[in-house]
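What follows is one structure encoded as structure tokens, with my remarks underneath.
What follows is calculated from the coordinates using simple rules that are stated; it is not laboratory data. Because the structure is a prediction, the values reported are computed rather than measured. Here the Cβ is made from the backbone with ideal geometry for all residues, glycine too, and neighbour counts use every protein chain on show.
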Amino acid sequence: MKGFFIGSATAMITPFKDGKINFEAFGEMIEYQIAGGTDALVILGTTGEPSTMTFEEEHLLMDYSVKKVNGRTKVIFGCGSNNTADAVMTAKKAEYYGADGLLAVTPYYNKCTQNGLVEYYKAICEAVSIPVIAYNVPGRTGVEIQPATMAKIAEIPNIAGIKDAGGNMSKTMETFRLVREKCDVYSGEDALNLPILACGGAGVISVLSNIVPADVKKLCTLVQEGNIADAIALNDKLLPLANACFVEVNPIPVKEAMNILGFDAGIPRAPLTVLEPANREKLLVAMKNFGLECKA
């Protein structure tokens with residue numbers, strides 16, 4: 001299926017405080033995203049640290065998010081797992097709470113074959129009636145969706161597309177060639193947002209847009225309008241900030257960036273740690289150079 005969402009989606013952080021989800025701060029972040037024109041919120045993706053959360057916490061966050069958004073933008077929940085049964089259970093819960101769609105990362109750690117990937121996505125898609133985006137991020141999972149495999153996955157009726165964070169434009173182009181008429185391709189790597197959009201990407205699922213949602217949305221709009229010169233200029237401005245957001249493993253830097261902007265983002269859950277001082281200074285410089293108001 002095509003056209004589930006077009007434009008910018010934010011891979012939302014999850015703020016924690018005193019060992020619990022900080023719903024007040026999360027609500028403020030949702031409002032910031034909606035004010036910035038974000039087309040979809042991706043919650044409980046990699047950036048949201050679901051691997052450190054209990055099922056109960058995930059369900060509370062799902063329930064809160066749908067009610068807080070109240071139809072003002074699309075809500076997409078992460079449901080991927082290295083246990084297909086858990087992925088299916090989370091997918092069903094997300095649909096129950098009112099998700100518009102799902103983001104399902106490939107299985108990790110125990111891995112699987114390419115045929116196993118097809119069966120994994122079939123199981124998730126057959127359990128729900130809402131759109132599902134496959135998530136390819138081999139640097140984290142050790143499993144890569146090959147272009148020919150994505151062509152098979154794209155035949156599943158409610159597969160809406162692939163979030164491509166593989167970092168290999170040659171494979172991305174081959175994926176485009178094979179699925180262009182079947183489902184959408186979304187950039188999952190901020191440094192490659194512009195080329196993926198320019199090659200026909202339907203949108204981005206961005207870490208950077210936690211900080212600058214309106215600018216990431218504008219980049220998508222400029223490309224959609226065919227204004228490539230202005231898109232290049234904006235991308236040149238965004239790129240140093242995007243790179244600073246990955247000076248340590250995601251979501252450590254972006255969480256600190258939200259603190260710097262004045263949100264009560266807290267710190268990542270263990271085993272992730274706070275941003276190291278030297279890297280915080282690099283992030284702060286990039287934010288100030290971009291023109292952001294730094295409050296912390």
**OP:** Please report, in debye to the nearest 20, how large the charge dipole of the range 185-296 is about its Cα centre when each Lys and Arg carries +1 at its beta carbon and each Asp and Glu carries -1 there.
**Re:** 160 debye
Original post:
When the Cα centres of the range 41-103 and the range 245-296 are compared, how far apart do they sit, in Å?
Top reply: 25 Å
**OP:** Just grab the label-to-label distance for PHE55 and ALA85, each label 7 Å out from Cα along the Cβ direction, in nm (one decimal).
**Re:** 1.0 nm
Subject >> Value at 222 nm in deg cm²/dmol, rounded to 500, when DSSP H runs of n ≥ 4 in the chain each add -39,500 (n - 2.57) >> reply: -14000 deg cm²/dmol
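Could you give the length gained by full extension between LYS237 and LYS20, i.e. 0.36 nm per residue of separation minus their alpha carbon distance, to one decimal place?
Between LYS237 and LYS20, full extension yields 74.5 nm more.
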Original post:
Whose amide H sits under 5 Å from the amide H of SER206, counting only residues 5 or more places off or on another chain, with H placed in the peptide plane?
Top reply: ALA9, THR10, ALA11
Subject >> Where trypsin sites (Lys or Arg not before Pro) fall in DSSP loop in the range 223-296, at most 10 other Cβ within 10 Å >> reply: LYS295
Subject >> Estimated inter-spin distance, ALA123 and PHE290, nm [label 7 Å along Cα→Cβ] >> reply: 3.8 nm
Original post:
Quick one: Cα convex hull volume of the range 7-225, Å³ per residue?
Top reply: 110 Å³
Original post:
At q = 0.24, 0.28 Å⁻¹, what base-10 log of I(q)/I(0) does the Debye formula yield for the range 22-81 when every alpha carbon is treated as an equal point scatterer in vacuo?
Top reply: -1.06, -1.37
Subject >> Alpha-carbon centroids, the range 190-209 and the range 144-181: separation in whole Å >> reply: 15 Å
Original post:
For the range 1-49, what does the alpha-carbon gyration tensor say about shape, rounded, prolate or oblate, given a ≥ b ≥ c as the root eigenvalues, a/c under 1.5 as rounded, and a/b over b/c as prolate?
Top reply: oblate
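Which whole-number percentage describes the relative contact order of the chain, with Cα contacts under 8 Å and a sequence gap of 6 or more?
Relative contact order here is 19 percent.
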Subject >> Net charge, PHE5 excluded, C-beta distance under 9 Å - Lys, Arg +1, Asp, Glu -1 >> reply: -2
Original post:
Can you give the extra length, in nm with one decimal, that the chain gains between ASP264 and GLN146 once fully stretched, where that is 0.36 nm per residue apart less the Cα-Cα distance?
Top reply: 38.6 nm
Original post:
Under a plain spin-label model, where a point goes 7 Å from the Cα along Cα-to-Cβ, how far apart in nm are ASP230 and GLU276?
Top reply: 4.1 nm
